[in-house]
Each structure stands twice: as C-alpha cells, then as structure tokens.
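Asks: Just dropping this structure here.
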Ligand code: NAP
C-alpha cells in the first residue's frame, strides 16, 4: 500500500507529530510543516531515528504565501502531495458572553480558513493527478458543546462541514476528504488548557476511562489517508474512547462486568 507524499500541518507537536511519525513508518515521504521551526526539527529527528523519509518546511496556515511556498518546495523535493493532513489548530477559552472577537477571529483563521487554504492548494494538484487523500483533524468539540469553546467548538463544527464540501466536489476526481474527530488527547495543547479539575470531571465521561494518545489518532488518520480508504468519503471518524457515544455513566449498584463470575 503506497502513501506517496504526505504533508502534515502542525506536525511539530502533539497529534501532528504522531501522525507524521506513523505515516513515515508506513512508508510515506512526509513533509513535516509547522509554524514553529523547533517543532519541525524535533519531528524530523524522530522520523530520521526510525529510518523514515521526510523533509521540513515552515508553514503558517494563516498565510497564503507561506502555504504556496511550502507546497512548491514539497513538489520540488519529490512530487505533488498525495496526502494532506490538516492538523494545525489552536484553542482560546472564554465564557460565551465575554468571548473576545480577536480570539474568535484568530481561532477561525487557523482552524477553518487555514484548513480551507491548504485543502484548496493541495486539492488543485490532486485533481490534476487524479488522486488524493485529505484528512482534516476536527474534534468532539465540533459535535458536542464544551464550556468556553464558543470559537473552538464552532471552528471544529465548521471543519466537519468543510470536510463534506470537499468530499462532494472532489470525489469525481479520485480525491477523498474525511475527518477524524479526536476526544481528549494528551498533548501540549491539553496540558496547557486542562486543569486537574477538568481532567477529573472528564474522565468519568469517557467509557475507556483514559485520555487518548497521539498514536490513537494517528492510527485512524493512517487508514483514511491510505489508498485502501478510496470509497470512504465525507466521513467523520470519532476517536474518543466512547465519549460521544456515552450518556449516563453512573451505574449505581448495577455491576456491569463481574470479573469474578463464571461467564
Ligand atoms: P498542539 O500540540 O498544540 O499542536 C498544534 C501544532 O500546530 C503546534 O505545533 C502549533 O505550533 C501549530 N500551529 C499553531 N498555529 C499554527 C499555524 N498558524 N500554522 C501552522 N501551525 C500552527 O495541539 P494538538 O493537541 O496536537 O492538536 C492538533 C489538532 O488536533 C488541532 O487541530 C486540535 O484542535 C485537534 N484536537 C486536539 C485534541 C486534544 O485533546 N489534544 C482534541 C481534539 C482535536 P505552536 O505550538 O508554535 O503554536
């Protein structure tokens, strides 16, 4: 199964780094991009240590010239990208009534407009070559509301809509667009935004009773980015330990699984 050239945004940290590593392990030639040069170097070192093939490009998803330069450089390095993973994303948490418009604009610019611009640039070349895989990193926050997530949650709901728009229009050209919607994943982003209290309230709502790892998301992305997923299009794959599926989590005196019992 050939992945070809895969460009990952925000690949210098957390989920993006996990995705870049996983795709490199699977034989993709990976274009590691991020706004942060230090993050790019870290991911390139990790890939090189495993013998993978990768190149690094600084790419700010809010800057069209930076996007064009990174894609052009990837094409000069190898060929037009076969896989785009729109992973770069930021969070700003405020109560709804006091949500500052500057933070709203900043979150939308990175999480939504940035993904759109990268998908347009990648999509044009993919249509030309008659093949492509676009995987957008959405969030369970785009499906269920969360306190403080007026901009973030709305941006991730938009990412889900954007995924379906791309899927519909590019499907006839051999290009698929799908999204992965992660639940709570251990990364620098959640480390900075989750208090101990947040984690304590969250865990009982996750049937798996643990936060996810970047590797959990990377495995889902690897499938959607593969040639094997050619008939999967416009799908939103939730990877959250059962958080969205769950409702009532308290069992009271009901013992759901008695490991002592003969089954
Ligand atoms: P992270 O560790 O903060 O990684 C995000 C990366 O994107 C960072 O390297 C960041 O650089 C970079 N970035 C920020 N602004 C950028 C820009 N304008 N252009 C290019 N890169 C930029 O976060 P993460 O937790 O891995 O999140 C990755 C994606 O998963 C995001 O879209 C996030 O919304 C989504 N997600 C995360 C979770 C979770 O629980 N962690 C859950 C659901 C969805 P700097 O560090 O220099 O800013």
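No lab work stands behind these numbers, since they all come straight from the coordinates. From a predicted model like this one, the values you see are computed outputs, not experimental measurements. For neighbour counting, all protein chains shown are included, and Cβ atoms are generated from backbone atoms with ideal geometry for every residue, glycine included.
Asks: Please count how many residues of segment 141-150 are in a helix (DSSP H, G or I) and more than 11 Å from the ligand (Cβ to nearest atom).
Replies: 1
Asks: Also, quick follow-up: Would it be correct to say that residue 222 is within 20 Å of residue 156 (Cβ to Cβ) and surrounded by 14 or more Cβ atoms within 10 Å (Cβ to Cβ)?
Replies: Judged against the criteria, residue 222 is not a match.
Asks: Identify, please: which residue in segment 163-209 is touching a residue at least 60 places away in the same chain (Cβ under 8 Å) and assigned to a loop (DSSP other than H, G, I, E, B) and is, among those, farthest from residue 139 (Cα to Cα)?
Replies: Among them, the one singled out is 187.
Asks: Residue under question is residue 241, and the condition is that it be over 22 Å from residue 111 (Cβ atoms) and within 15 Å of the ligand (Cβ to nearest atom); does it hold?
Replies: Values: over 22 Å from residue 111 (Cβ atoms): yes; within 15 Å of the ligand (Cβ to nearest atom): yes.
Yes, satisfied.
Asks: Moving on. Considering only residues of segment 122-140 that are more than 16 Å from the ligand (Cβ to nearest atom) and either within 16 Å of the chain's Cα centre (by Cα) or free of Cβ contacts under 8 Å to residues at least 24 places away in the same chain (or both), which is surrounded by the fewest Cβ atoms within 10 Å (Cβ to Cβ)?
Replies: Checking each candidate, the answer is 124.
Asks: Name the residues in segment 236-249 that are in contact (Cβ under 8 Å) with a residue 60 or more places away in the chain and in contact with a strand residue (DSSP E or B) (Cβ under 7 Å, 6 or more places away or on another chain), would you?
Replies: Within segment 236-249, 236, 238, 240, 244 meet the criteria.
Asks: Just give me the residues in segment 156-197 being more than 16 Å from the ligand (Cβ to nearest atom) and crowded, with 23+ Cβ neighbours inside 10 Å, in sequence order.
Replies: Listed by number, the residues that qualify are 166, 175, 176.
Asks: Of the conditions (1) within 15 Å of the ligand (Cβ to nearest atom); (2) farther than 30 Å from residue 174 by Cα, residue 8 satisfies every one except a single condition; which number is it?
Replies: Just one mismatch for residue 8, condition (2).
Asks: Could you name every one of the helices (runs of 4 or more DSSP H) located completely within segment 9-121 that has at least 1 residues being without any contact (Cβ under 8 Å) to a residue 12 or more places away in the chain?
Replies: 37-49, 64-77, 101-108
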